[in-house]
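Reviewing the structure listed below.
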């Protein structure tokens, strides 16, 4: 029986190639997107699921109350790590990490530089107790007990000591250069984690190395008020102790330690291991749950569109198969058997789509490689994917096939055989459904188009706005942290000697970037101070010229620490009557009185999502970390860059030189928005494609249904334009209803998104209209082409066949 | 075997009922070869559909043997339908996507006949109608007469006791029509009850009883 079903299904598919093509194309696109998103989800949730007792492992997070705004982050004050297990009950184990950034590794025996890495951390032995590993050499009990010892992973051992056995590496030494130089003896080698993990560290220097009072202060681990995201604290709770119990116990502990500090309101809470990958991990590969959820919605919408398409076309074509239903019923087929037959036909299509869809996954992966996690790969034969192959087609078959098969199998045989199906009078559920499904498809297409157009419009707007400074011909490089004032100055001097360079400046941050340093300032009024929040930049006096920031009054400064520059917004906030009035005024900043010597124009030091803040320029030489260079106009930029890199390497022989254009940093401002736009754009194209295919199939069907009517009208004297108009009218109404439905969801989403920008366009309603008109045109084109062919047909021939 | 009592079939229009069948009383005995005649619109096909359980939308009583069709459950009805009736249509109504062999096989599949038995039944039928060489052809590749032969083979494959034929020769020329009628006669001799609707008087001569319908009523009922 099933063989018979599949046979007839196969022949039906072969016979109606257009229908098969549309179905398979539509469903396979939906399927491959769902498959990819499914795998992305599996990947995102696969991190660190393999540690024993993983549900009892937590990272301690700090939560600070900034005047009502709760800001949480994953660092903890150093003293908390010392006392947590003695003061909080229910902690079985604790692990303290102090993560390092861009640490240089050197082999002291040969002075061979192994390069910089982010995988170095200070760690205590507790870390290996909470996250146990296989030890290839060394004693897990006491490997990290003594200062100046290090445990390394197998992968880096092979890099540092190629060809050596783990046992031979024990006792060898490694030098780690950060702001400090640490020479450590290898006391253990552990295996790398094979499965996906956010614990990316490969070099574990004993925590006792930084346990001296002097080191503690240097690393900021000495006080409760010093918060540092490098200082990480993991705990494993005793079995039976809940997260809530521990979170509660943090309250009194925090109160005790912060009670004499009025202005700080700090608390702690536990972050489950399972959340790491979505919050804050160590190599910036977090996937936000919002983005994942967005993807899930888009995947479901695309799949829904493809499914609707299928339902729509199948029910429309059902009449063509009514005869078969009639015959089968007269031969003794019962409804259940017919439903099963049509479902098996659907299943065949779904399986075909699945094969095509899986093949499409790789294409999608290449297209979207920049949006996917770097290490993300699809394992087509993994257990969960095999399950997907089996269950998803069944689910999809049920979703797509049930309604058409119910319609088909419900036909009364004696009428089906006569071809009387459409009741011309009254209400037809089938036609009603079809119209509604079409409207849904068009609505989502229109909504997607509106979203993409408006996003694009706003992104164009913000990227084309004047920033208030001149970013052309400005290049910058990052300098190693605290690399010494003399060395930085000498690099700057070397740069200035180049004829290509018109000016060079050292600063703590770029003129415009994602970084932000805020503080407060006091304006003396009579005997008190008026205080307000400001943004601070640590720059030298060449900064303003190098970045082309207009100076409105005063001088660009003399590199003196008791002089400051401010921007116009600052002047307004402070209540000075004019820029000139501000010159020479004294303000209290960072506990000291400073003199304003210059006023600059306002410029955007952050994205246009944010307002320009009152800004104060100060100078703090040791903390310079950026060298910006303004090149002469008309330079060969690639050549200039090469030259700058060469000079940099001469001054910093162990660093990798990488001069970059200021634009590249600023391009990151709207990366997330561009990402959303591109993903939506892709979804939009698919939605249009699928809906158009659906319309194509549907209109070809309905028009062939109306061929007789068209012929009779032609005989009675209707012209071709009249016939086109008659057929198109119905579709115009469909698109109008779809448009009405699409407007609100699109508006709602866009209003939210636009409100995130301090500088934004007014809601561009003309783009709404444009989207509607665009879809109407596509629709009329498809229907028009079909009806034009139909209108051309010879009425004598059509009517003779009746 | 079959007994109809006061069968009415009508269409409800806005102002009046339009009767397609009115007050039909009819008894058909097992082994009869009955012909329904009458002009277009007399109600021949409608009556045939009611007899064949394809139409349930009528009033009156219908007994098949001892059983009242109107009071049977859906499942029993379906089983009765499968085991007792075979249908032959004017337009053949073969399934275009299936071959001759598969078309004949379809009712057997619905009757859950085992694979071996199916093969032997179909082989016998193909042999009987000289269609062995054509078993893998599709309906579109056959002439009208051949298609109707397949239709007959399919109708009798399940060995029904009643064969219903609606204008079986309506689309055929006289030579083919004769052939089909002779097969009917043969089946009748083998004991099958046959009810046919036709326009052609000469087809009635193959049967044993002739009923004339006019405007939904029985005009005459005579033995031949």
* Test residue A:605 against the stated conditions and say whether it is assigned to a loop (DSSP other than H, G, I, E, B), in the same structural domain as residue A:506 (by TED's automatic domain parsing) and farther than 30 Å from residue A:459 by Cα. => no
* **Residue list for the stretch B:119-144, restricted to those being within 22 Å of the chain's Cα centre (by Cα) and closer than 22 Å to residue B:85 by Cα** => B:121, B:122, B:124, B:125, B:126, B:128, B:129
* Asked: Does residue B:104 satisfy the condition of being in contact with a helix residue (DSSP H, G or I) (Cβ under 8 Å, 6 or more places away or on another chain), assigned to a helix (DSSP H, G or I) and at pLDDT 85 or above?
  -> yes
* Output yes when any residue across the stretch B:149-156 is in a helix (DSSP H, G or I), more than 14 Å from chain A (Cβ to nearest Cβ) and crowded, with 20+ Cβ neighbours inside 10 Å, and no when none is. => yes
* To do: Name the one entry in A:8, A:2 that is farther than 30 Å from residue A:233 by Cα, surrounded by 20 or more Cβ atoms within 10 Å (Cβ to Cβ) and within 14 Å of chain B (Cβ to nearest Cβ).
  => A:8
* Looking at this structure, is residue A:223 at pLDDT 85 or above and more than 30 Å from the chain's Cα centre (by Cα)? -> no
* Members of the stretch B:103-112 found to be farther than 14 Å from residue B:147 by Cβ, buried (at least 19 other Cβ atoms within 10 Å of the Cβ) and either more than 8 Å from chain A (Cβ to nearest Cβ) or more than 19 Å from the chain's Cα centre (by Cα) (or both), listed by number -> B:108, B:109
* Asked: Here are some residues: A:320, A:299. Which one is modelled with pLDDT of 85 or more and either more than 14 Å from every other protein chain (Cβ to nearest Cβ) or part of a helix (DSSP H, G or I) (or both)?
  -> A:299
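Residues checked against (1) over 30 Å from residue A:274 (Cα atoms); (2) surrounded by fewer than 16 Cβ atoms within 10 Å (Cβ to Cβ); (3) in contact (Cβ under 8 Å) with a residue 24 or more places away in the chain:
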residue: A:177; (1), (2), (3): yes, no, yes
residue: A:194; (1), (2), (3): no, yes, no
residue: A:197; (1), (2), (3): no, no, yes
residue: A:223; (1), (2), (3): no, yes, yes
residue: A:240; (1), (2), (3): no, yes, no
* Asked: Taking the stretch B:78-101, which residues are assigned to a helix (DSSP H, G or I), in contact with a helix residue (DSSP H, G or I) (Cβ under 7 Å, 6 or more places away or on another chain) and more than 9 Å from chain A (Cβ to nearest Cβ)?
  -> B:100, B:101
* Asked: Regarding residue A:333, is this residue within 14 Å of chain B (Cβ to nearest Cβ) and outside any helix (DSSP H, G or I)?
  -> yes
* Asked: Among the listed residues A:201, A:161, which satisfies the condition of being under 39 Å from the mean Cα position of the chain (by Cα) and in contact (Cβ under 8 Å) with a residue 60 or more places away in the chain?
  -> A:201
* Kindly indicate whether any position in the stretch B:170-179 is crowded, with 20+ Cβ neighbours inside 10 Å and within 14 Å of chain A (Cβ to nearest Cβ). => no
* Asked: In the stretch A:25-43, which residue that is surrounded by fewer than 20 Cβ atoms within 10 Å (Cβ to Cβ) and in contact with a helix residue (DSSP H, G or I) (Cβ under 8 Å, 6 or more places away or on another chain) is nearest to the other protein chains (Cβ to nearest Cβ)?
  -> A:25
* Yes/no for residue A:332 being at pLDDT 80 or above and on the phi > 0 side of the Ramachandran plot -> yes
* **Extreme residue, nearest to the chain's Cα centre (by Cα), among residues of the stretch B:53-73 that are within 22 Å of residue A:323 (Cα to Cα) and more than 8 Å from chain A (Cβ to nearest Cβ)** => B:53
* State all residues of the stretch A:737-752 that are over 11 Å from residue A:447 (Cα atoms) and in contact with a helix residue (DSSP H, G or I) (Cβ under 8 Å, 6 or more places away or on another chain); if no residue qualifies, say none. => A:737
* When residue A:64 is evaluated against the numbered criteria (1) within 27 Å of the chain's Cα centre (by Cα); (2) in a strand (DSSP E or B); (3) at pLDDT 85 or above, which criterion, by number, is the only one it fails? -> (3)
* Asked: Can residue B:126 be described as assigned to a helix (DSSP H, G or I), more than 9 Å from chain A (Cβ to nearest Cβ) and without any contact (Cβ under 8 Å) to a residue 60 or more places away in the chain?
  -> yes
* Read through the list (1) in a helix (DSSP H, G or I); (2) surrounded by fewer than 16 Cβ atoms within 10 Å (Cβ to Cβ), then give the number of the only condition that residue A:783 fails. => (2)
* Asked: Can you name the residue in the stretch A:12-24 that is modelled with pLDDT of 85 or more and surrounded by 15 or more Cβ atoms within 10 Å (Cβ to Cβ) and, of all such residues, is nearest to the other protein chains (Cβ to nearest Cβ)?
  -> A:20
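Every residue, every condition in (1) in contact (Cβ under 8 Å) with a residue 12 or more places away in the chain; (2) loosely packed, with under 15 Cβ neighbours inside 10 Å; (3) in contact with a strand residue (DSSP E or B) (Cβ under 7 Å, 6 or more places away or on another chain), yes or no:
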site: A:85; (1), (2), (3): yes, no, yes
site: A:88; (1), (2), (3): yes, no, no
site: A:122; (1), (2), (3): yes, no, yes
site: A:126; (1), (2), (3): yes, no, yes
site: A:134; (1), (2), (3): yes, yes, yes
site: A:143; (1), (2), (3): yes, no, yes
site: A:166; (1), (2), (3): yes, no, yes
site: A:170; (1), (2), (3): yes, no, yes
site: A:174; (1), (2), (3): yes, no, yes
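The values are calculated or read from the model by the stated rules, or taken from the named source; none is laboratory data. Source: prediction; values computed, not measured. In this analysis, Cβ positions are derived from the backbone assuming ideal geometry, glycine residues included, and neighbour counts consider all displayed protein chains.
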